[in-house]
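Input: a single structure, listed below in structure tokens.
The values are calculated or read from the model by the stated rules, or taken from the named source; none is laboratory data. Because the structure is a prediction, the values reported are computed rather than measured. Don't worry about glycine lacking a Cβ; one is built from the backbone with ideal geometry, like all the others, and counts go over all protein chains shown. Side chains included, ligands, DNA and RNA excluded: accessible areas come from the protein's heavy atoms. Shrake-Rupley method; radii C 1.70, N 1.55, O 1.52, S 1.80 Å.
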Amino acid sequence: MAAFVFGICLSLVANIGSAPMLSVLQVTVAACPPLVLLLAVELLNGALKRRTDTESARAEQQQDESSLDGDRSIETSDVVRLRSVPASGSGSNQCTAEQRMWAYYISRTAAGHTPSGAELDRIAGTDNYGRRILRQWRAANKIPRQPQLTTAATAD
């Protein structure tokens, strides 16, 4: 924290010192970037603290609700539980991300469009998983391989 405050002060001094003329307007404009950075870091830090406090309160509440009997052993009290994700749509029709990607891929290729990995990520709600799935499907010959793009050499 001290290094951060020192860096802000140093940046303030350097910015103000680099102003061509020491008028009130130029000093104010020169001082803005480090002060805005300080404000942004403080706001982010406060938001993260609130989020952490809220999540820990929820975890404690869920732990209290899940313990019906009072004699819990030490081994079970240290278990980390994952937060449940609400199901989209009906509860009986649960598909994996790969299954949703496959259904989307089939529907788009039937319409004459080959979806990219980014499109697959968007429909499945994943991050950079679509490209990996496309590579796996190509390796397993589930889908055709992409044609190799070659550049023609131009003669001068």
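Those residues that are in a loop (DSSP other than H, G, I, E, B) and open to solvent by 90 Å² or more (accessible area, probe 1.4 Å), I need them from the stretch 129-147; list them, please. Break it down stepwise before answering.
So in the stretch 129-147, the residues in a loop (DSSP other than H, G, I, E, B) come out as 129, 140-147.
Of everything in the stretch 129-147, those that are in a loop (DSSP other than H, G, I, E, B) and open to solvent by 90 Å² or more (accessible area, probe 1.4 Å) turn out to be N141, K142, P144, R145, Q146, P147.
List pairs: first residue in the stretch 34-55 and without any contact (Cβ under 8 Å) to a residue 12 or more places away in the chain, second residue loosely packed, with under 10 Cβ neighbours inside 10 Å and among the acidic types (D, E) anywhere in the structure, Cβ distance under 9 angstrom, at least six positions apart or on different chains.
none
Scan the stretch 108-117 for residues that are surrounded by 12 or more Cβ atoms within 10 Å (Cβ to Cβ) and of a type outside the set (V, I, T) and jot them down.
Kept after step one, since they are surrounded by 12 or more Cβ atoms within 10 Å (Cβ to Cβ), are these residues of the stretch 108-117: 108-109, 114-117.
The answer is R108, P115, S116, G117.
Out of all the residues in the stretch 127-137, is one or more of a type in the set (S, T, N, Q), within 20 Å of the chain's Cα centre (by Cα) and modelled with pLDDT of 85 or more?
So the first thing to find is which residues in the stretch 127-137 are of a type in the set (S, T, N, Q), and the list is 128, 136.
Pick out the ones that are also within 20 Å of the chain's Cα centre (by Cα) and you get 128.
Then keep just the ones that are modelled with pLDDT of 85 or more; that gives 128.
Checked against the condition, which is being of a type in the set (S, T, N, Q), within 20 Å of the chain's Cα centre (by Cα) and modelled with pLDDT of 85 or more, the stretch 127-137 yields at least one hit.
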